[in-house]
Amino acid sequence: MSLKCGIVGLPNVGKSTIFNAITNAGAEAANYPFCTIEPNVGMVSVPDGRLNELVSVYHPKSIVPAVTEFVDIAGLVKGASKGEGLGNQFLTHIRECNAIMEVVRCFDDEDITHVLGSVDPVRDIDIIETELILKDLESVEKRLANENKTARTGNAKAKENAEACSILKKGLEEGKSAREFVGKNGDALDAIVQDLALLTAKPLFYCANIREDEIGTENQYVKSLKEFAAKQGTSVVVISGKIEEELSKMEAADKEEFLKELGMKESGLDSVVREGYRILGLQTFFTAGEKECRAWTFEKGAKAPQCAGVIHSDFEKGFIRAETLAFEDFRKHGSWNAAKEAGVVRTEGKDYVVKDGDIMFYLFNV
């Protein structure tokens, strides 16, 4: 799987500016609500220095990094769940994403209109969360009605599903997100959440958009956002849309120098992708050779055959074994052959849990 991240937020918080910067896709960004009326989609390579190290050794004909897909969704407003501000149709696009990045405005600027007239990160988050909850409630109520109808025929499974829907409905009506119920109320409830692709069940993190001259500092808005996120058990990535915009136009060497001047260890894109991978439990393994060096995304905890299936379903079906080299051992010895001579290339079977950074060579038979 790959990371597909939906970018949401109120109008004029910097969503499209950030989307443009990290994907360099050229989505329109203007100072009025609903500038984005169709979801913009951009694919970006996942920054990973380990792939560069493999390339410097193998000099392959083809280099294929892992990719992340970003979906910039039109600004949501109060009433979006009922169609206000064109929001209803855009909430549907979020269902197709496996993680949500909510951009929160954390800067003052008289030249950029705030749809509510003032900057208040926690209030803005509450509006977005409420609309997502209301949309989920609509989906759950429809499912509950269908399950109750089937349960009246004596269908035991429908009765179990109806009970699970009732638990979800009550929680959503109380203003709780669906993620608070996942894993705690039985398999039936978890299955319904997954089947309905409930918006508030998706992993979420906040992106605090600050002014370029405030980078490296923590203004009052960022502080309040971090305090709120900590209580929720949610994370915050702080970036400046304007700085990311400048970085997106630079060559790699200039970009590195610019980051050093700003005292930044990594770009906002790096931070966003890293956080997206973390909340989804995603990791990377590599295949490497003179023909191709490639990064593959997999779910943490996956075993060797499952990761083989990421490459091709035939690899998983006909899996025999995998030759595996930890990336740190590759770095230490400088090549696969040198690592093999040192005895650190391992032969692993179907029960091997693949580690982040593993370099894999699969043997299979179909």
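If the requirement is being at pLDDT below 90, closer than 30 Å to THR17 by Cα and aliphatic (A, V, I, L, M), which of these qualifies: LEU280, LEU269? Exactly one of LEU280, LEU269 is at pLDDT below 90, closer than 30 Å to THR17 by Cα and aliphatic (A, V, I, L, M), namely LEU269. The test for being open to solvent by 40 Å² or more (accessible area, probe 1.4 Å) and either aliphatic (A, V, I, L, M) or at pLDDT below 95 (or both) holds for ARG211. In the stretch 155-201, the qualifying residues are those that are under 24 Å from the mean Cα position of the chain (by Cα) and of a type in the set (D, E, K, R), and the one that is surrounded by the most Cβ atoms within 10 Å (Cβ to Cβ) is ARG179. VAL354 meets each of the listed conditions (1) at pLDDT below 95; (2) crowded, with 19+ Cβ neighbours inside 10 Å; (3) β-branched (Val, Ile, Thr) apart from (1).
For GLU328, the requirement of being more than 24 Å from SER62 (Cβ to Cβ), out of contact with any Lys or Arg (no Cβ under 6 Å at 6 or more places or on another chain) and free of Cβ contacts under 8 Å to residues at least 12 places away in the same chain is not met.
For the stretch 217-243, filtering for residues that are in contact with a Gly (Cβ under 9 Å, 6 or more places away or on another chain) and open to solvent by 80 Å² or more (accessible area, probe 1.4 Å) leaves 1. In the stretch 215-308, counting only strands (runs of 3 or more DSSP E) that sit wholly within it, the ones holding 2 or more residues that are of a type in the set (Phe, Trp, Tyr) span 282-288, 292-299.
Considering the conditions (1) among the aliphatic types (A, V, I, L, M); (2) touching a strand residue (DSSP E or B) at 6+ places or on another chain (Cβ under 6 Å); (3) within 25 Å of LYS350 (Cβ to Cβ), ALA229 is excluded by exactly one of them, (3). Of the residues making up the stretch 306-321, those that are more than 21 Å from VAL64 (Cα to Cα) and in contact with a strand residue (DSSP E or B) (Cβ under 6 Å, 6 or more places away or on another chain) are GLY318, PHE319, ILE320, ARG321. Annotation: of all residues in the stretch 259-301 being more than 19 Å from SER235 (Cβ to Cβ), aliphatic (A, V, I, L, M) and in contact with a Phe, Trp or Tyr (Cβ under 9 Å, 6 or more places away or on another chain), the one that is surrounded by the fewest Cβ atoms within 10 Å (Cβ to Cβ) is ALA295. Please tell me if GLY42 is within 28 Å of THR234 (Cα to Cα), in a helix (DSSP H, G or I) and modelled with pLDDT under 85. Here the answer is no, as GLY42 does not meet what is asked.
Of the residues making up the stretch 313-328, those that are under 16 Å from THR284 (Cβ atoms) and either open to solvent by 60 Å² or more (accessible area, probe 1.4 Å) or in a helix (DSSP H, G or I) (or both) are PHE327, GLU328.
Looking at this structure, is GLY349 in contact (Cβ under 8 Å) with a residue 40 or more places away in the chain, loosely packed, with under 15 Cβ neighbours inside 10 Å, closer than 24 Å to GLY49 by Cβ and not aliphatic (A, V, I, L, M)? When the stated conditions are applied, GLY349 does not pass them. Residues of the stretch 331-344 include at least one that is in contact (Cβ under 8 Å) with a residue 60 or more places away in the chain, of a type outside the set (Lys, Arg) and either open to solvent by less than 30 Å² (accessible area, probe 1.4 Å) or not in a helix (DSSP H, G or I) (or both). Among the residues making up the stretch 135-154, those that are surrounded by fewer than 17 Cβ atoms within 10 Å (Cβ to Cβ) and either more than 26 Å from the chain's Cα centre (by Cα) or at pLDDT 95 or above (or both) are GLU141, LYS142, ALA145, ASN146, ASN148, LYS149, THR150, ARG152, THR153, GLY154.
The values are calculated or read from the model by the stated rules, or taken from the named source; none is laboratory data. Here the structure is a predicted model, which means the values were calculated and not measured. Cβ sites come from the backbone with ideal geometry, for glycine too, and all protein chains shown count toward neighbours. Heads up: the accessible areas ignore ligands, DNA and RNA and are worked out on the full protein's heavy atoms, side chains in. Shrake-Rupley method; radii C 1.70, N 1.55, O 1.52, S 1.80 Å.
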